[in-house]
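Peer 1: Have a look at this one before I ask anything.
The values are calculated or read from the model by the stated rules, or taken from the named source; none is laboratory data. Note that the structure is predicted; figures quoted are calculated from it, not measured. Note that we place each Cβ from the backbone using ideal geometry, even for glycine, and neighbour counts take in every protein chain shown.
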Amino acid sequence: MKALVWHGEGDIRLDNVDDPSIIDPTDAIVRVTRTAICGTDLHFIRGTMAPMKEGTILGHEAVGEITAVGDAVRRFAPGDRVVVSSTMSCGVCWQCRAGHTAQCDNANPNGPQAGTCFFGGPGSTGPVDGLQAEYARIPWASNTLTALPDNISDEQAILLSDIFPTAWFGAQLAGVQRGDTVAVYGAGPVGQFAIVSAFRQGASRVFAVDGIDTRLVLALDQNAEVINFNREDPVQAIMEATLGIGVDAVIDAVGVDAQRPRSGPAAADSEQQADEFGQEVAQVAPKTNIQGENWVPGNAPSQVSQWSIETVRKYGRIGIIGVYSPDLMSYPIGQAMNKNLTIRMGNCDHRSVTPPLLDLVASGVFDPTRFITQHEPITDIVDAYLSFDRREEGWLKTVVAP
């Protein structure tokens, strides 16, 4: 079968690899009908989440049809349409029973203290081959898969594999409630859904901060108040808009590959921190393979962390869903403590978050496909990665058909 394979930093290839097979009785095999490219995938190629194992199939979003199940899989059968959760979970340990499925005690082959196990990630998360392929092996299938009703299309379902649940989880982490003002940092795919989630969880005003105009236009279409950090200082803009108070809650949908402003009033302050940011980049990306404009790590890993703390009110709340490398050692914790902030973070508990969102889409209340901007065949997936990695205008969410 064809699959996108990681061969090293800056080196991904569409290879012919062996079809997956049942290894454990809790496994299922899924014929992938839709997969997608996520910003998290870029971290592995840029070198900001390491170490990866050469030969790992990338990708953690998929919709498909089951072709085989292990003997212990009792809730699914060949022919069932399913959406694959990006994180794996057994469904029986204490963490899973509490709904904390991202921290399943059994899914990660590295042991119960290893943390989240997700598809197509570094060695610390398994590694488990990912979903940008024609077929995929799904460990712990009974809890990692969710059945799809007939009235949900593959295009709608692929956005329920990771980014909509992750964004919803981010709003929950930030404690969004009725009447809140919310700042969403990053207006990429997850950031767009974070805006959706914040409004649906009760926010009265949402500020969207990004540096790419086409993304901010989409945010504006959702009635967010938009701030381009290459033209305005986001801290000054948000504090002025909230009469010096700050927002009630912040959702960080950027993470370790943050870019500092290239121009505008915020650029000077960031330039003064260039050496500090450079040290952070050396921490999180000790090995890179930059090729022209591609596979360039973010040049300001803690930029959004700083802005988040500066723009949230005293006793405010921050939810972090942007991916940060375990190797990043800097965080403005003193400023956070001085403001009595609540900071929550982590990987989405997909198995407990996704089903209610599935109902939301199935009922026709919300159609997530408005955020799909590109449709590509798997044969063009490497070129699609290159365009998405360069943050080209108009590239938001790319769906891939194997």
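Peer 1: Where the second residue is basic (K, R) and crowded, with 21+ Cβ neighbours inside 10 Å and the first is touching a residue at least 40 places away in the same chain (Cβ under 8 Å) and lies in region 242-271, which pairs have Cβ atoms under 6 Å and are six or more apart or on separate chains?
Peer 2: Pairs that qualify, where the first residue is touching a residue at least 40 places away in the same chain (Cβ under 8 Å) and the partner is basic (K, R) and crowded, with 21+ Cβ neighbours inside 10 Å, are A249/R317.
Peer 1: Are any residues in region 170-187 under 16 Å from the mean Cα position of the chain (by Cα) and surrounded by fewer than 24 Cβ atoms within 10 Å (Cβ to Cβ), and if so, which ones?
Peer 2: Q172, L173, listed by residue number.
Peer 1: Which of (1) in contact (Cβ under 8 Å) with a residue 24 or more places away in the chain; (2) exposed (fewer than 14 other Cβ atoms within 10 Å of the Cβ); (3) within 23 Å of V30 (Cβ to Cβ) does P356 not meet, given it meets every other one?
Peer 2: Every listed condition holds for P356 apart from (1).
Peer 1: Same structure, new question: All but one of (1) without any contact (Cβ under 8 Å) to a residue 60 or more places away in the chain; (2) surrounded by 21 or more Cβ atoms within 10 Å (Cβ to Cβ); (3) out of contact with any helix residue (DSSP H, G or I) (no Cβ under 9 Å at 6 or more places or on another chain) hold for P127, so report the exception by its number.
Peer 2: Against the list (1) without any contact (Cβ under 8 Å) to a residue 60 or more places away in the chain; (2) surrounded by 21 or more Cβ atoms within 10 Å (Cβ to Cβ); (3) out of contact with any helix residue (DSSP H, G or I) (no Cβ under 9 Å at 6 or more places or on another chain), P127 comes up short only on (1).
Peer 1: So how many residues does region 95-115 have that are more than 19 Å from D27 (Cβ to Cβ) and surrounded by 22 or more Cβ atoms within 10 Å (Cβ to Cβ)?
Peer 2: 2
Peer 1: Tell me, yes or no, whether region 16-38 has at least one residue that is outside any loop (DSSP other than H, G, I, E, B) and either on the phi > 0 side of the Ramachandran plot or without any contact (Cβ under 8 Å) to a residue 60 or more places away in the chain (or both).
Peer 2: Yes, the conditions are met somewhere in region 16-38.
Peer 1: Just give me the residues in region 38-68 being hydrophobic (A, V, I, L, M, F, W, C), surrounded by fewer than 24 Cβ atoms within 10 Å (Cβ to Cβ) and farther than 29 Å from A285 by Cβ, in sequence order.
Peer 2: Passing the criteria: I66, A68.
Peer 1: Select from region 261-278 the residues that are more than 16 Å from Y331 (Cα to Cα), surrounded by 14 or more Cβ atoms within 10 Å (Cβ to Cβ) and either of a type in the set (A, V, I, L, M) or touching a Phe, Trp or Tyr at 6+ places or on another chain (Cβ under 9 Å) (or both) and list them in ascending order.
Peer 2: P261, G264, A266, A267
Peer 1: Please go through region 329-381 and give me each residue that is closer than 18 Å to N143 by Cβ, out of contact with any Pro (no Cβ under 6 Å at 6 or more places or on another chain) and among the polar types (S, T, N, Q), ordered by number.
Peer 2: N347, S352
Peer 1: With assigned by TED's automatic domain parsing to the domain that holds V323, at pLDDT 95 or above and more than 24 Å from T144 (Cα to Cα) as the only criterion, which of L341, L386 stands out?
Peer 2: L341 is the lone residue from the list that is assigned by TED's automatic domain parsing to the domain that holds V323, at pLDDT 95 or above and more than 24 Å from T144 (Cα to Cα).
Each row is one residue, and each column tells you yes or no for (1) over 19 Å from the mean Cα position of the chain (by Cα); (2) assigned to a strand (DSSP E or B).
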position: K53; (1), (2): yes, no
position: G59; (1), (2): no, no
position: A68; (1), (2): yes, yes
position: G79; (1), (2): yes, no
position: D105; (1), (2): yes, no
position: N110; (1), (2): yes, no
position: G115; (1), (2): no, no
position: A136; (1), (2): yes, yes
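Peer 1: I need the full set of residues from region 144-167 which are buried (at least 24 other Cβ atoms within 10 Å of the Cβ) and in a helix (DSSP H, G or I), in order please.
Peer 2: Hits for region 144-167 are T144, A157, I158, I163, F164, P165, T166, A167.
Peer 1: Looking only at region 86-123, which residues are of a type in the set (D, E, K, R) and in contact (Cβ under 8 Å) with a residue 12 or more places away in the chain?
Peer 2: Passing the criteria: only D105.
Peer 1: Right, here's the next one. Please work out which residue is farthest from the chain's Cα centre (by Cα), limiting yourself to region 275-302 and to residues that are of a type in the set (G, A, S), within 18 Å of R262 (Cβ to Cβ) and not in a helix (DSSP H, G or I).
Peer 2: If we filter region 275-302 for residues that are of a type in the set (G, A, S), which is where we start, we get 278, 282, 285, 292, 298, 300, 302.
So of that shortlist, the ones also within 18 Å of R262 (Cβ to Cβ) come out as 278, 292, 298, 300, 302.
Add one more test, that the residue is not in a helix (DSSP H, G or I), and what stays is 292, 298, 300, 302.
Details: G292: 25, G298: 16, A300: 18, S302: 17 Å.
This residue is G292.
Peer 1: Here is a further query. Within region 376-402, how many residues turn out to be part of a strand (DSSP E or B) and surrounded by 14 or more Cβ atoms within 10 Å (Cβ to Cβ)?
Peer 2: Summing the residues that are part of a strand (DSSP E or B) and surrounded by 14 or more Cβ atoms within 10 Å (Cβ to Cβ) in region 376-402 gives 6.
Peer 1: Now for a separate question. Kindly state which strands (runs of 3 or more DSSP E) lie completely within region 176-274 and contain at least 1 residues that are farther than 30 Å from P326 by Cβ. Outline the logic, then answer.
Peer 2: Details: elements: 181-185, 205-210, 225-228, 247-252.
Where strands (runs of 3 or more DSSP E) fall fully within region 176-274 and carry at least 1 residues being farther than 30 Å from P326 by Cβ, they are 181-185, 205-210, 225-228.
Peer 1: Any residue in region 287-307 that is at positive phi sitting within a Cβ distance under 7 Å of a residue that is hydroxyl-bearing (S, T, Y)? List the pairs, counting only those 6 or more apart or interchain.
Peer 2: Between residues of region 287-307 that are at positive phi and residues that are hydroxyl-bearing (S, T, Y), the close pairs are W295/T288.
Peer 1: Need the failing condition index for P139 against (1) assigned by TED's automatic domain parsing to the domain that holds T56; (2) over 20 Å from R31 (Cβ atoms); (3) in contact (Cβ under 8 Å) with a residue 60 or more places away in the chain, just the number.
Peer 2: (2)
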